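Asker: Submitted below is the structure of interest, expressed as structure tokens.
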Amino acid sequence: MKNHSKTDFETKCVHSGIEENEHGAVVPPIYQTSTFKFKTAQHGASLFAGEEKGYIYTRMLNPTVEAMENAVAELEGGYKALGCGSGMAAVHTVFATLTQTGDHVVCSSAVYGPTTTLLNTVMKKFGVETTFIDTSNLDEVKKAIKSNTKVVYVETPGNPTLCISDIAEISKIAHKNNALVVVDNTFMSPALQNPLALGADVVLHSLTKFLNGHADVIGGIVVVKDESAYQSFRKTLNQIGGVIDPFNSFLVHRGLKTLALRMEKHCESGQIIAEWLEKHPMIESISYPGLKSHPQYEIGLKQQKGPGGMITFELRGGIEAGRLLMNSVKLFQLAVSLGGVESLIQHPASMTHFSMGKEARLAGGITDGLVRISIGIENVKDIIADLEQALKKVEEANSKEVEVHV
Ligand code: LCS
């Protein structure tokens, strides 16, 4: 891996993971192959025995996948990374590697819905118990850790509430109790937050979001700090088999080149739009890390380099008003996912966080009226104009309802 440690993040985005190749191609080739030819039977045997380094079979490692992994590892300030077939495959790989029957996990109560569901179903079935708490409250973290707690799993800012947890303080608490800290850094990307530098042990991402950035790939990644962690994660991933393929790795690697630029734009527009929404008469409440009204605004300032491109809000008129807004936008696309160049809008309670059930949703502050938007890189005036026309329809419908009731 090239050493860009003395260069800026933008430079690393462009050059990380790019190695010289035999034809001098500026963009490295895609090794779209499932398997690699051995020179001799002895060569094959020695690769399998780990006596020689080299590629064997793409589920085990592939040069195109490895180049992307090296790039993300470098951007996160990690040792190495493991590309997975989806963000959920990365989440599963983390728990399958770090826990076993009888272990306990502490997890943020506001995380991507299927992460909660995975812990409450698959991991529970194998005897791993989870306590869900508000990890922005350090006293709750201290209280929830038990002698068999192996992992404190933090998503910050959390999906979809954008609740912020203090990575450095949580790491101190967890390490005192011999537990590892895993941070899902999907909402920030390494451009805005580096959990390993703050004390976390493992970082994961849904590559599907900001890292790829173009809504055309499903992928995930786990970033680790040292060789022994890398070896144990690689072993699990190889057995589970949830790897990313070469072409999707190529697309993610291409997306990474503009990560710094895109994140700058997501933050700049996110801040303008959140400030505009906060003043709008139809907004009942709003959550955005760049607003002083955010309950963990100060923690965000301490550990994030920017507020990001995600905004969550509740309208006056609750879920019905939210539905009308989602059906009235024109530039925004009504779709789940996030972190792409296009602006998206969705309803967590009936979509991304439906699977976890109402009780768990409410415990995590995910109310039925919440609407989540992912701010794309379109002109900010166009994004605001779209929200303005849609909110006008909501306002008109609300005033009609009031008239009827009078
Ligand atoms: N972690 C976070 C924070 C996520 O937001 C998601 C997906 C995942 C992990 C899982 O990644 P995937 O397997 O989808 O690549 N979040 C989604 C969302 O909010 N809308 O659709 C997917």
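The values are calculated or read from the model by the stated rules, or taken from the named source; none is laboratory data. These numbers were taken from a predicted model, which means no experiment stands behind them. As a convention, Cβ positions derive from the backbone with ideal geometry for all residues, glycine included, and neighbour counts pool all protein chains shown. The area values use the complete protein model at the heavy-atom level, side chains included, leaving out ligands, DNA and RNA. Shrake-Rupley method; radii C 1.70, N 1.55, O 1.52, S 1.80 Å.
Asker: If contacts are Cα pairs under 8 angstrom and at least 6 residues apart, what is the relative contact order of the range 9-256 in percent?
Answerer: Numbers: 479 pairs, mean separation 60.9, N = 248.
RCO, the range 9-256: 25 percent.
Asker: Further, regarding this structure: Any idea of the accessible area per residue across the range 260-400, 1.4 Å probe, to the nearest Å²? Walk me through the numbers on the way to the answer.
Answerer: Details: 6190 Å² over 141 residues.
Here the residues of the range 260-400 average 44 Å² of exposed surface.
Asker: Expressed as a fraction of 2.2 N^0.38 Å, the rule-of-thumb size for a compact globular protein of N residues, what is the C-alpha radius of gyration of the range 1-116?
Answerer: Working: Rg = 18.0 Å, N = 116, 2.2 N^0.38 = 13.4 Å.
My calculation over the Cα atoms of the range 1-116 gives 1.34.
Asker: Which aspartates and glutamates have a Cα less than 16 Å from the Cα of Lys125, not counting those fewer than 8 places away in the same chain?
Answerer: Correct list for Lys125: Asp103.
Asker: Below 25 Å, Cα to Cα, which lysines can Lys265 reach? Residues fewer than 8 away in the same chain don't count.
Answerer: Lys6, Lys12, Lys209, Lys257, Lys279, Lys292, Lys302, Lys305, Lys330, Lys381
Asker: Same structure again: Using mean Cβ contacts within 10 Å as the protection proxy, how do 120-126, 64-70, 183-189, 334-340 order, highest first?
Answerer: Values: 120-126: 13.6, 64-70: 24.7, 183-189: 27.6, 334-340: 19.4.
The peptides rank, most packed first, as 183-189, 64-70, 334-340, 120-126.
Asker: Now for a separate question. Give me the net charge for the shell around Asp201: Cβ to Cβ below 10 angstrom, other residues only, Lys and Arg +1, Asp and Glu -1. Please report the intermediate quantities before stating the final value.
Answerer: Working: positive: Lys225; negative: Asp226.
Once positives and negatives cancel, what remains is 0.
Asker: While we're looking at this one, here's another question. If I fit a long axis through the Cα atoms of helix 380-405 and take the longest principal axis of the Cα atoms of the chain, what angle between them do I get, 0 to 90°, rounded to 10?
Answerer: Taking the Cα atoms of the chain, the angle to 380-405 is about 40 degrees.
Asker: On the principal axes of its Cα set, how long, how wide and how thick is the range 315-406? Give whole Å, largest value first.
Answerer: Principal axes ranked by extent give 41, 39, 16 Å for the Cα atoms.
Asker: From the backbone phi of the range 157-172, what are the Karplus-calculated ³J(HN,Hα) couplings (6.51 cos²θ - 1.76 cosθ + 1.60, θ = phi - 60°) in whole Hz, Gly and Pro given as x?
Answerer: Karplus values, whole Hz, x for Gly and Pro: x, x, 8, x, 6, 6, 4, 10, 10, 7, 4, 5, 5, 5, 4, 4.
Asker: Now a separate question. Highest mean first, what order results for 74-83, 313-322 on Cβ atoms within 10 Å? Could the numbers behind the result be given before it?
Answerer: Values: 74-83: 24.3, 313-322: 19.2.
The peptides rank, most packed first, as 74-83, 313-322.
Asker: How big is the charge dipole of the range 80-144 about its Cα centre, in debye rounded to the nearest 20, if each Lys and Arg gets +1 on its Cβ and each Asp and Glu gets -1 on its Cβ?
Answerer: 200
Asker: Per residue, how big is the convex hull around the C-alpha atoms of the chain? Give it to me in cubic angstrom, could you? Intermediate values should be presented prior to the final figure.
Answerer: Working: hull volume 58.8 nm³, N = 406.
So the per-residue Cα hull volume is 145 Å³.
Asker: I would also like to ask the following. Counting only heavy atoms of the protein chains, get the accessible area per residue of the range 9-256 (1.4 Å probe) and round it to a whole Å² value. Display every interim value, and only then the final one.
Answerer: On the way: 10060 Å² over 248 residues.
Here the per-residue accessible area is 41 Å².
Asker: Among DSSP beta bridges lying fully in the chain, give the percent that are antiparallel, nearest 5.
Answerer: Details: 23 of 42 bridges.
Counting DSSP beta bridges with both partners in the chain, the antiparallel share is about 55 percent.
Asker: Let me ask something else. Compute a Gaussian network model of the chain, connecting alpha carbons closer than 10 Å, and tell me which residue from His294, His43, His353 fluctuates the most.
Answerer: With Cα springs under 10 Å in the chain, the top fluctuation among His294, His43, His353 is at His43.
Asker: Additional query: Is it possible to state the helix-based mean residue ellipticity at 222 nm for the chain, with each DSSP H run of 4+ residues giving -39500 (n - 2.57), the sum divided by total residues, to the nearest 500 deg cm²/dmol? What is it?
Answerer: Values: 14 runs with 160 residues, N = 406.
So the calculated ellipticity at 222 nm is -12000 deg cm²/dmol.
Asker: Quick one: with all protein chains in place, what share of the accessible area of the chain is carbon or sulfur, to the nearest percent (1.4 Å probe)?
Answerer: Numbers: 9770 of 17900 Å².
Carbon and sulfur together cover 55 percent of it.
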